[in-house]
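Chemist: Attaching a single structure in structure tokens format; questions to follow.
Nothing in this text is a laboratory measurement; each read-out follows from the coordinates by a stated rule. On a predicted model such as this, the values are computed, not experimentally measured, just so you know. Every residue, glycine among them, receives a Cβ derived from its backbone with ideal geometry; neighbour counts consider all protein chains shown.
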Amino acid sequence: PSSTRVANFGAGPSALPESVLVEAAQGLLNFNNTGIGIAEISHRSKEFGAYVKETEALIREQLDVPSTHVILFTQGGGTAQFSAVVLNLLARHRLLHPDVPEAERVLDYVLTGSWSKAAYEEAKRLAHGATVNVVVDAREHSADGKSFDNLPPHSAYKFSPDPALIYYCENETVSGTQFGFEDGAPNSFPFHLLPDKPLLPLVADYSSSFMSRPIPRLAEHAIVYAGAQKNLGPAGIAILIVRKDCIVDVNAAAKLGGYPVPISLAYKPYADNDSMPNTPAVLALYITGLVLKRNKSLGGVRYYEEVNRRKKESVYGALKEGEEKGVFQAKVREGAGSWMNVVFGVIGEGAEKRFLEGAEKKGLKGLKGHRSVGGIRVSLYNAVSEEWTDRIVAYMREFIEEESK
Ligand code: PLP
């Protein structure tokens, strides 16, 4: 590896594999032997069109995406999807149930952290008379009554009988909670409590965990989406896996009520035009494709599941030792901790600053927690190697030793 590069534990944009960056630099000069750089070539060229198809296939293959779902690439990051899911799925509900008054349509939100809350706030802005229902609010189950530090017990979830949308965020990047992976476990998403109806409009934000391990019950989701800039590539694209019945004619829906959907947020033009109704984020898509190719060569999501499991076990192990010595304090309840973003506090006057400065000296960067929760955040996305993980863990142990002298 290049000696100028440090171990980057940033939460996003975040580290990308060095070999991919080297390849991308070549692509900037000459994309797939066209003699034209990737930032210069027409998105309508046959070479780029083929590349988009190939990238799509890499996702379909690695995540076992069923033929009931399409894969789309959009711009506007995760935030544009906060709006898009509401607009497209309200349109769908309107087409399915034209006689239901707008005020009787319901959007269900599971609140487990600041990102699901941000999506919920956007739904309230765009609901246009529909009710935005809180299925459960993790803050009500927290130690201090106001923090997103846990995953609520299944008994607390109250889903609506026929919502236009059911929304959750699989991995909360800021607070550091993530739904469990084992189906039916107390920390898993309560799929078994969802209304017993076919084609549920279940939406999941996977922005900070996409491709880090398989997606449980993917086929039962209406929409799974992820901004690329954590595990996959540069900022600029979002990847969407959308069940075909959720790709609706928003213009026909607008004739029934509500309001028109901005063309850049409607799914159908993307689905009808191989994700290119307009100019896509060509460079971001290109680098994402390179990362996916590399993933495949390593063994895909099953490979990352194993590696990421070892990485998080190692960091949580050091965190626990620090807790026992009164040096660290986990900010998330046991069993709710994210594999991708490990969030904790450093106890004592000036201790957090000492931790960050000491880390910096060792070339360990990007560790400062989000301003809203403070403390430390160790992000362990796919491109964070086990070697980097060993280095942060060794540093955590050293720090524990030093502070408990
Ligand atoms: N959802 C999650 C889980 C995130 O972590 C982020 C960004 O960090 C977003 C959504 C927002 O994504 P973007 O910045 O691409 O709009």
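Chemist: For a test of the definition: using alpha carbon positions, the gyration tensor, and the 1.5 limit on a/c, classify region 46-296 as rounded, prolate or oblate.
Modeler: Oblate is the answer for region 46-296, as a/c is 1.5 or above yet b/c matches or exceeds a/b.
Chemist: Could I ask something else about it? For region 248-356, compute Rh as the Kirkwood radius over C-alpha pairs and then the Stokes-Einstein diffusion coefficient at 25 °C and 0.890 mPa s; write the answer in µm²/s, rounded to an integer.
Modeler: Answer, rounded: 130 µm²/s.
Chemist: Multiply the residue gap between Ala252 and Leu28 by 0.36 nm, knock off their C-alpha separation, and tell me the result in nm, one decimal place. Mind showing how you got there, number by number?
Modeler: Details: separation 224, 0.36 × 224 = 80.64 nm, distance 4.19 nm.
Here the segment from Ala252 to Leu28 would lengthen by 76.5 nm.
Chemist: Among DSSP beta bridges lying fully in the chain, give the percent that are antiparallel, nearest 5.
Modeler: Around 55 percent antiparallel, to the nearest 5.
Chemist: Ranked by Cβ crowding within 10 angstrom, fewest neighbours first, how are Met276, Met211, Met340 ordered? It would help to have the intermediate numbers written out before the result.
Modeler: On the way: Met276 18, Met211 26, Met340 30.
Neighbour counts put them in this order, fewest first: Met276, Met211, Met340.
Chemist: Could you check the spin-label model distance between Lys197 and Lys244? Points 7 Å from the Cα along Cα→Cβ, value in nm.
Modeler: That separation, rounded to one decimal, is 2.2 nm.
Chemist: Can you tell which of Gly184, Ala118, Ala57 lies farthest toward the positive end of the dipole of region 46-296, using +1 and -1 charges on the Cβ of basic and acidic side chains (Lys, Arg; Asp, Glu)?
Modeler: The Cα lying farthest towards the positive end belongs to Ala57.
Chemist: Between Glu313 and Gln329, how many nm apart are label points set 7 Å from Cα along the C-beta direction?
Modeler: Reported label-point gap for Glu313 and Gln329 is 2.9 nm.
Chemist: Near Val20, within a Cβ-to-Cβ distance under 10 Å, what is the net charge of the other residues, with Lys and Arg +1 and Asp and Glu -1?
Modeler: Working: positive: Lys293, Arg294; negative: Glu18, Glu23.
That sum, taken over residues with Cβ under 10 Å, equals 0.
Chemist: How many nm separate the modelled label positions at Lys362 and Ser404, each set 7 Å beyond the Cα in the direction of the Cβ?
Modeler: For Lys362 paired with Ser404, the spin-label model returns 1.6 nm.
Chemist: Moving to a separate point now. Taking 2.2 N^0.38 Å as the expected size of a compact globular protein, what ratio does the Cα radius of gyration of region 301-403 give against it, to two decimals?
Modeler: Against the compact-globule rule of thumb, the ratio is 1.00.
Chemist: Excluding same-chain residues fewer than 8 positions from Lys353, which lysines have a Cα within less than 19 Å of its Cα?
Modeler: Hits, sequence-local ones excluded: Lys325, Lys331, Lys361, Lys362, Lys365, Lys368, Lys405.
Chemist: So how strong a dipole does region 219-271 carry about its Cα centre when Lys and Arg Cβ are +1 and Asp and Glu Cβ are -1, to the nearest 20 debye? Write out the running numbers ahead of the final one.
Modeler: Working: 5 positive and 3 negative charges, 14 e Å.
Taking the Cα centre of region 219-271 as origin, the dipole is about 60 debye.
Chemist: What are the ³J(HN,Hα) couplings of region 387-392, residue after residue, when phi is run through the Karplus curve with 6.51, -1.76, 1.60 and θ = phi - 60°? Round to Hz, x for glycine and proline.
Modeler: Karplus-based 3J(HN,Hα) across region 387-392 equals 5, 4, 4, 4, 5, 5 Hz.
Chemist: When Thr389, Thr79 are ordered from fewest to most other Cβ atoms inside 10 Å of their Cβ, what list results?
Modeler: Sorted ascending by nearby Cβ count, the order is Thr79, Thr389.
Chemist: Also: Classify region 186-287 as rounded, prolate or oblate, taking a ≥ b ≥ c as the square roots of the eigenvalues of its Cα gyration tensor: rounded when a/c is under 1.5, otherwise prolate if a/b is larger than b/c and oblate if not.
Modeler: On the way: a/c = 2.45, a/b = 1.05, b/c = 2.34.
Cα axes put region 186-287 in the oblate bin.
Chemist: If the chain between Glu386 and Thr131 were fully stretched, how many nm would it gain, using 0.36 nm times the residue separation less the Cα-Cα distance? Write down the numbers at each step before the final one.
Modeler: Details: separation 255, 0.36 × 255 = 91.80 nm, distance 4.59 nm.
Once the chain is fully extended between Glu386 and Thr131, it gains 87.2 nm.
Chemist: Ranked by Cβ crowding within 10 angstrom, fewest neighbours first, how are Ile400, Ile287 ordered?
Modeler: Ile400, Ile287
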